[in-house]
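J.: My questions will all concern the structure given below.
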Amino acid sequence: MMRWPLIALALLAVASCARPTPIDNNAVATVPLRQCLAALDERQASYAQINAFSEGRGCGIRDGVAIRHGLIALDETATLTCTTALAVDSFQREVVHPLALHHFGQPVVSMELWGSYACRGRTGNAGRLSEHAFGRAIDVAGFRLADGTMVRVTDWYRSTPNGAFLQAVARGACDHFSVVLTPVSDAAHRDHFHLDTGPWPLCEV
Ligand SMILES: [Zn+2]
């Protein structure tokens, strides 16, 4: 599966790193910045590099970008690490786009986001910082098709093309993100997917 290269890269990173790294700064399979930016350029993503910043109790982004669209537009600019932005584009290319053509016969033209970077604690465990606090997470609430139809994550349980599409998209997301939370996870995720590239693998679909 697609996850093996991620795991191999993570193991390689651990093996080649002489001193231990705090777990919250140890994202899975981080792509070196120059390589990551070159990949976004090659894919003609619309983005701007942002300066490193930190705030609050450990929030911040080192190798960040503000991305507006990869293959598919985002309905708001997302502030993410470059690695996470690249994962979003790969997810759009290899999962969202082909599945939209398969289920609806038309492409997705934009993804509705409910946030990216945010200096905050985890849902249900505010004592630990969320992956959003490191720019490694994105929340997706819906997918707009070329004909204007909105496929919302709230359609997850419906026995319709929308439900089948959403469940297939979430399964595919697990090949590109280490964490995928969906309506099966908990009530907090009944209306959006949480996708992150943090160090704790969890595929809940
Ligand atoms: Zn989230």
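The values are calculated or read from the model by the stated rules, or taken from the named source; none is laboratory data. Since the structure is predicted, the reported quantities are computational estimates derived from the model, not experimental observations. All Cβ positions, glycine included, derive from the backbone under ideal geometry; neighbour counts span all protein chains shown.
J.: Just checking, does the range 35-51 include any residue being more than 19 Å from the chain's Cα centre (by Cα), polar (S, T, N, Q) and either at pLDDT below 95 or exposed (fewer than 11 other Cβ atoms within 10 Å of the Cβ) (or both)?
T.: So far as the range 35-51 goes, yes, one or more of its residues are more than 19 Å from the chain's Cα centre (by Cα), polar (S, T, N, Q) and either at pLDDT below 95 or exposed (fewer than 11 other Cβ atoms within 10 Å of the Cβ) (or both).
J.: Something else about it: What strands (runs of 3 or more DSSP E) completely inside the range 60-114 contain at least 2 residues that are farther than 14 Å from Leu195 by Cα and either in contact with a Lys or Arg (Cβ under 9 Å, 6 or more places away or on another chain) or in contact (Cβ under 8 Å) with a residue 60 or more places away in the chain (or both)?
T.: On the way: elements: 64-69, 73-81, 108-113.
Here the list reads 73-81, 108-113.
J.: Another question, if that's okay. Name the residue that is surrounded by the most Cβ atoms within 10 Å (Cβ to Cβ), counting only residues in the range 143-164 that are touching a strand residue (DSSP E or B) at 6+ places or on another chain (Cβ under 6 Å) and part of a helix (DSSP H, G or I).
T.: Val153
J.: Answer yes if at least one residue in the range 85-102 is among the aromatic types (Phe, Trp, Tyr), crowded, with 20+ Cβ neighbours inside 10 Å, modelled with pLDDT of 95 or more and closer than 18 Å to Cys174 by Cα, and no otherwise.
T.: Yes, the conditions are met somewhere in the range 85-102.
J.: What is the number of the single condition among (1) within 16 Å of the ligand (Cβ to nearest atom); (2) under 16 Å from Ile72 (Cα atoms) that His194 does not meet?
T.: Just one mismatch for His194, condition (2).
J.: Just the residues that are more than 10 Å from the ligand (Cβ to nearest atom), assigned to a strand (DSSP E or B) and more than 16 Å from Glu55 (Cβ to Cβ), please, taken from the range 115-141.
T.: Once the filter is applied, which keeps residues that are more than 10 Å from the ligand (Cβ to nearest atom), assigned to a strand (DSSP E or B) and more than 16 Å from Glu55 (Cβ to Cβ), the range 115-141 yields Asn125, Ala126, Gly127, Arg128, Ala141.
J.: Which residues, taken from the range 165-196, are surrounded by fewer than 20 Cβ atoms within 10 Å (Cβ to Cβ) and more than 20 Å from Gln106 (Cβ to Cβ)?
T.: Taking the range 165-196 and keeping what is surrounded by fewer than 20 Cβ atoms within 10 Å (Cβ to Cβ), we get 167-168, 171-172, 175, 184-191.
Of everything in the range 165-196, those that are surrounded by fewer than 20 Cβ atoms within 10 Å (Cβ to Cβ) and more than 20 Å from Gln106 (Cβ to Cβ) turn out to be Arg171, Asp175, Val184, Ser185, Asp186, Ala187, Ala188, His189, Arg190, Asp191.
J.: Sticking with this structure for a sec: Restricting attention to the range 76-114, and to residues there that are among the β-branched types (Val, Ile, Thr) and in contact with a strand residue (DSSP E or B) (Cβ under 9 Å, 6 or more places away or on another chain), which single residue is farthest from the ligand (Cβ to nearest atom)?
T.: Only one residue tops the list, namely Val109.
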